[in-house]
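The values are calculated or read from the model by the stated rules, or taken from the named source; none is laboratory data. What you are looking at is a predicted structure, and each value in this text was computed from that prediction instead of being measured. Note that each Cβ is placed from the backbone with ideal geometry, even for glycine, and that neighbours are counted across all protein chains shown. Just the protein is used for accessible areas: all its heavy atoms, side chains included, with ligands, DNA and RNA removed. Shrake-Rupley method; radii C 1.70, N 1.55, O 1.52, S 1.80 Å.
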Amino acid sequence: MNPDTAHLLDIESRSDAFHRRVLDLAAELREDAVPWRQARAGRLLVNLFYEPSTRTRVSFEIAALRLGMRVVNIAAADSSVKKGETLMDTFNTLQAMSPDVVVVRHPDNGALAPLAEAAWPGVHLVNAGDGSRAHPTQALLDALTMRSHFERLDALRVVVAGDLHHSRVTRSGVALMKKLGVGEIRLCAPSGLEAGPRVSEGTRGFDSLDEALDGADVVMMLRIQHERLAGMAVPDGESYHRRWGLTTERLKRAAPGCIVMHPGPMNRGVEIASEVADGPQSVILEQVANGVLTRMAVIHTLLDD
Amino acid sequence: MNPDTAHLLDIESRSDAFHRRVLDLAAELREDAVPWRQARAGRLLVNLFYEPSTRTRVSFEIAALRLGMRVVNIAAADSSVKKGETLMDTFNTLQAMSPDVVVVRHPDNGALAPLAEAAWPGVHLVNAGDGSRAHPTQALLDALTMRSHFERLDALRVVVAGDLHHSRVTRSGVALMKKLGVGEIRLCAPSGLEAGPRVSEGTRGFDSLDEALDGADVVMMLRIQHERLAGMAVPDGESYHRRWGLTTERLKRAAPGCIVMHPGPMNRGVEIASEVADGPQSVILEQVANGVLTRMAVIHTLLDD
Amino acid sequence: MNPDTAHLLDIESRSDAFHRRVLDLAAELREDAVPWRQARAGRLLVNLFYEPSTRTRVSFEIAALRLGMRVVNIAAADSSVKKGETLMDTFNTLQAMSPDVVVVRHPDNGALAPLAEAAWPGVHLVNAGDGSRAHPTQALLDALTMRSHFERLDALRVVVAGDLHHSRVTRSGVALMKKLGVGEIRLCAPSGLEAGPRVSEGTRGFDSLDEALDGADVVMMLRIQHERLAGMAVPDGESYHRRWGLTTERLKRAAPGCIVMHPGPMNRGVEIASEVADGPQSVILEQVANGVLTRMAVIHTLLDD
């Protein structure tokens, strides 16, 4: 097995061809998933989550089940970590049980890199979010959502707004949009929460959400991650909403067919108004549905390599 | 899909025909469940539990597995709720992943009503207990247990005793017994723990367990739910047992063939003596077995509608 | 069903023939497990864990899934125990749901004995560790590992070293090695952590790891279980390592082909040096792989009886 094609650690380390193949397969699954029901029967996926998550864990679990796979869930709380075991020992123990796919979420940036180096042939790693570094399947499901609403990505103006500094969604999302040739990527963040230089490169920066929205085709609102903001001077929810929240009024500045995305979970009344979240331009639940399809496609594609 | 027949939120909102159909199918499954092993293969059930529970969660899980379904479990502890997500957003996220059945347990009365209104075609909600309001599958499994011991329900004298005030089992159970035409329903509770007027209507009230038991055919003892009694003047376990506990001595007042039921988990030596719980008249473990059959029948029937 | 052959509670209560049959089947599964994929399809295994564990729970789960079984997991945290239910009532509730195998881990010595007496026909109990008493599947997987490296066990010198006092692994392991006729069993423990007289009988005791290692063919290092040592005067990790840790230097005293085992999770730098754990003589991950095979064999064999 080629170590470069065995895993999905981040968007950057995989080829454009891989991403396009995943997106094409996910679109095909959306049309008709029935023929794929047993496509990976007998295979085993392990969810190894060191951070709590419902949506991502369940999305991977359902994706695997829909391919006929078996799924084993491990939450950090019941893990041997409590007995002082290292992540590498836990991973090695797991891979000795011959899983086909190991999905890992971990609070530390780059936590999966040493695991990928240690992975045995036939064991495929998928990053379900490491620290603020990468969340590649989120980027892929977002791209799938955009592709289903717009024929061509090269004419799109996409706004990504909110806490870009702590967001693995931003990093992976922007990386993939660049690879797929999205027309214009606009990043908009409160002071102190801007994306780093590598993410910002080749994008347009805004410090006003109103201006960023002008004529936009897609707006992705990010959650304010309170748990990552300890000690920073962040305004309370209401003040944040007044300046950085996506409201119906604000959304009028965007192009008429502009779609509204959010990776969830949402803080209603903070980064997004309920009216917008539930409004006709919201594709937030489509994102969730596309998440399952995208993860099916990722798993299936990795198992082919 | 007709919204009225898509879900099982409580006993009252479903027809007598529905309940009889479930009970008949459950009885059929008890005779021979083998032909049903793959009856719902490929379908997905999600257990969404906001209160801890072993028996109910596992009962639904095993029921679904015995129909060939896939099961995904979500405990509130690892839920996005921690990140401030509303129940409705969590539910919408889940239903965007195309489950067939979502089983919800929640501490708030009526928590499922808005979910049922928001449910998409093909998504079936089952109430696994909401606050002190309803627990319809418990009522159905109890009725199944009574029907398997007595040919006619209209001649039965059934005692329900204990904390009736906080008991969703009581509300759903009494509602179903009324619908099925149980001869006489006797409610017996310590002062301050009586059932409300709507539940009591059409039943006979007792403030002495001895009197309530006279000639009874069925006695359902309820658990004292310490976690719901904060601040109330409730006697300690031993005093409670002396006055309200079902003992061998007390049980002699009932009809000779009287069966003893308890929804579990039991507080032995409080509401029920061990000798009775494990005695020849106890059908408590039959209730558990009937629970799996009843939930298979409920799931199967909802998926038909 | 013969109660003596329905369960696996400990090594001592099962015959040599049973153990040999399990080991032979596990070895066969290692050659080719594919024909066994559906061998127990439709059967149900319940993991009932009153102590946290990743490796053992997951090992049983994967073993059962590889035989085509369904698996339901119960962790003490979400159990009715919180509502005051006894272990026996929890077990009886579970067995009323007709599982085929119930795997129990419990902190109390002998916790499974009353459950085995109460078990109904068709319900098979497997001990996944009770207190410091028994862990029979660990003993079997260790024996499988030794058998795969050495043709004859009667010529082997096996060292078991570390906290032998609190170790269920030691008790079950030594009991099985005696049954299988291992040549020489050497026990080596710090003062105060020695094995009891029943375990020690027929073994050789050492109070120096260096001496115990002389010419050894197998060395099993045990974890220092901090959680069981409250109040005892145990040296800190570094001091422990200097005197009782298995280092490359020390390992040179053993026979050239000596294999190094550890039941995991490891405390690297305490009872074992990383260099040894990851070195060419380590078979620690083979043990993990053998764990799945052994549990498949145990489950399959119990279901035959």
When region A:162-180 is checked residue by residue, the ones that are outside any helix (DSSP H, G or I) and open to solvent by 20 Å² or more (accessible area, probe 1.4 Å) are A:165, A:166
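Counting just the residues of region A:103-151 that are within 30 Å of residue A:257 (Cα to Cα) and acidic (Asp, Glu), which one comes out modelled with the lowest pLDDT? So that I can check it myself, show each step before the final result.
Here is the first cut: in region A:103-151, the ones within 30 Å of residue A:257 (Cα to Cα) are A:134-151.
Within this subset, residues satisfying the condition of being acidic (Asp, Glu) are A:142, A:151.
Numbers: A:142: 98, A:151: 94.
Ranking the qualifying residues of region A:103-151, first place goes to A:151.
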Is it true that some residue in region C:78-86 is within 11 Å of another protein chain (Cβ to nearest Cβ) and on the phi > 0 side of the Ramachandran plot? yes
Inspect all residues belonging to region C:148-155 and state whether any of them is more than 16 Å from the chain's Cα centre (by Cα) and not in a loop (DSSP other than H, G, I, E, B). yes
Report yes if residue B:186 is closer than 19 Å to residue B:204 by Cα, charged (D, E, K, R) and crowded, with 20+ Cβ neighbours inside 10 Å, otherwise no. yes
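Quick test for you: out of A:154, A:142, A:130, pick the one residue that is crowded, with 23+ Cβ neighbours inside 10 Å and touching a Gly at 6+ places or on another chain (Cβ under 6 Å).
A:142
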Of everything in region B:25-38 that's open to solvent by 40 Å² or more (accessible area, probe 1.4 Å) and assigned to a loop (DSSP other than H, G, I, E, B), which residue is farthest from the other protein chains (Cβ to nearest Cβ)? B:32
Looking at (1) under 29 Å from residue C:266 (Cα atoms); (2) at pLDDT 95 or above, which one does residue C:55 not meet, given that it meets all the others? (2)
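Can you tell me which residue is farthest from the chain's Cα centre (by Cα) among those in region B:268-291 that are assigned to a loop (DSSP other than H, G, I, E, B) and buried (at least 21 other Cβ atoms within 10 Å of the Cβ)?
By that ranking, first place goes to B:270.
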In region C:116-141, which residue that is out of contact with any Pro (no Cβ under 9 Å at 6 or more places or on another chain) and without any contact (Cβ under 8 Å) to a residue 40 or more places away in the chain is nearest to residue C:25 (Cα to Cα)? C:120
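One line per residue, one yes/no per condition, for (1) out of contact with any Lys or Arg (no Cβ under 7 Å at 6 or more places or on another chain); (2) part of a loop (DSSP other than H, G, I, E, B); (3) over 14 Å from residue B:156 (Cβ atoms):
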{"residue": "B:182", "(1), (2), (3)": "yes, yes, no"}
{"residue": "B:190", "(1), (2), (3)": "yes, yes, yes"}
{"residue": "B:193", "(1), (2), (3)": "yes, yes, yes"}
{"residue": "B:215", "(1), (2), (3)": "no, yes, no"}
{"residue": "B:220", "(1), (2), (3)": "yes, no, no"}
{"residue": "B:242", "(1), (2), (3)": "yes, no, yes"}
{"residue": "B:249", "(1), (2), (3)": "yes, no, yes"}
{"residue": "B:253", "(1), (2), (3)": "yes, yes, yes"}
{"residue": "B:257", "(1), (2), (3)": "yes, yes, no"}
Evaluate region A:102-110: report whether one residue or more is in contact (Cβ under 8 Å) with a residue 60 or more places away in the chain, away from chain C (no Cβ under 14 Å) and open to solvent by less than 30 Å² (accessible area, probe 1.4 Å). no
Looking at region C:248-259, can you tell me whether even one residue there is out of contact with any Asp or Glu (no Cβ under 7 Å at 6 or more places or on another chain) and surrounded by 21 or more Cβ atoms within 10 Å (Cβ to Cβ)? yes
Can you confirm whether residue A:130 is under 23 Å from residue A:91 (Cβ atoms), in contact with a His (Cβ under 6 Å, 6 or more places away or on another chain) and assigned by TED's automatic domain parsing to the domain that holds residue A:40? yes
Looking at (1) more than 26 Å from residue A:95 (Cβ to Cβ); (2) within 14 Å of chain B (Cβ to nearest Cβ); (3) open to solvent by less than 20 Å² (accessible area, probe 1.4 Å), which is the one condition that is false for residue C:64? (1)
Is at least one residue of region B:294-303 facing another protein chain (nearest Cβ under 9 Å) and either touching a helix residue (DSSP H, G or I) at 6+ places or on another chain (Cβ under 6 Å) or in a helix (DSSP H, G or I) (or both)? no
Those residues of region B:197-254 which are acidic (Asp, Glu) and modelled with pLDDT under 95, in sequence order: B:207, B:227, B:236, B:238
Can you find a residue in region C:197-207 that is open to solvent by less than 10 Å² (accessible area, probe 1.4 Å) and not assigned by TED's automatic domain parsing to the domain that holds residue C:17? no
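Quick grid of which residues meet (1) outside any loop (DSSP other than H, G, I, E, B); (2) within 9 Å of chain A (Cβ to nearest Cβ); (3) open to solvent by 10 Å² or more (accessible area, probe 1.4 Å):
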| residue | (1), (2), (3) |
| --- | --- |
| B:14 | no, no, yes |
| B:99 | no, yes, no |
| B:121 | no, no, yes |
| B:126 | yes, no, no |
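Within the bounds of region C:134-153, is there any residue that is away from chain B (no Cβ under 14 Å) and over 25 Å from residue C:289 (Cβ atoms)? Can you show your working first?
Of all residues in region C:134-153, those away from chain B (no Cβ under 14 Å) come to C:134-153.
The next check asks that each one be over 25 Å from residue C:289 (Cβ atoms); those that pass are none.
Scanning region C:134-153 turns up no residue that is away from chain B (no Cβ under 14 Å) and over 25 Å from residue C:289 (Cβ atoms).
Filter region B:263-277 for residues that are more than 9 Å from chain C (Cβ to nearest Cβ) and farther than 17 Å from residue B:128 by Cα and give the result. Break it down into steps so the answer makes sense when it comes.
Going through region B:263-277, the residues more than 9 Å from chain C (Cβ to nearest Cβ) turn out to be B:263, B:269, B:271-276.
Result: B:269, B:271, B:272, B:273, B:274, B:275, B:276.
Go through region C:39-60 residue by residue and tally those that are of a type in the set (S, T, N, Q) and part of a strand (DSSP E or B).
Step one: filter region C:39-60 for residues of a type in the set (S, T, N, Q), giving C:47, C:53-54, C:56, C:59.
The next check asks that each one be part of a strand (DSSP E or B); those that pass are C:47.
Total meeting the criteria: 1.
Count, please, the residues in region A:50-61 that happen to be within 8 Å of another protein chain (Cβ to nearest Cβ) and either acidic (Asp, Glu) or in contact (Cβ under 8 Å) with a residue 40 or more places away in the chain (or both).
Residues of region A:50-61 within 8 Å of another protein chain (Cβ to nearest Cβ): A:52-55, A:57-59, A:61.
Imposing the further condition that a residue be either acidic (Asp, Glu) or in contact (Cβ under 8 Å) with a residue 40 or more places away in the chain (or both) reduces the set to A:53, A:55, A:57, A:59, A:61.
Counting residues in region A:50-61 that are within 8 Å of another protein chain (Cβ to nearest Cβ) and either acidic (Asp, Glu) or in contact (Cβ under 8 Å) with a residue 40 or more places away in the chain (or both) gives 5.
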Could you list, in sequence order, all residues of region C:67-77 that are outside any strand (DSSP E or B), open to solvent by less than 50 Å² (accessible area, probe 1.4 Å) and modelled with pLDDT under 95? C:76
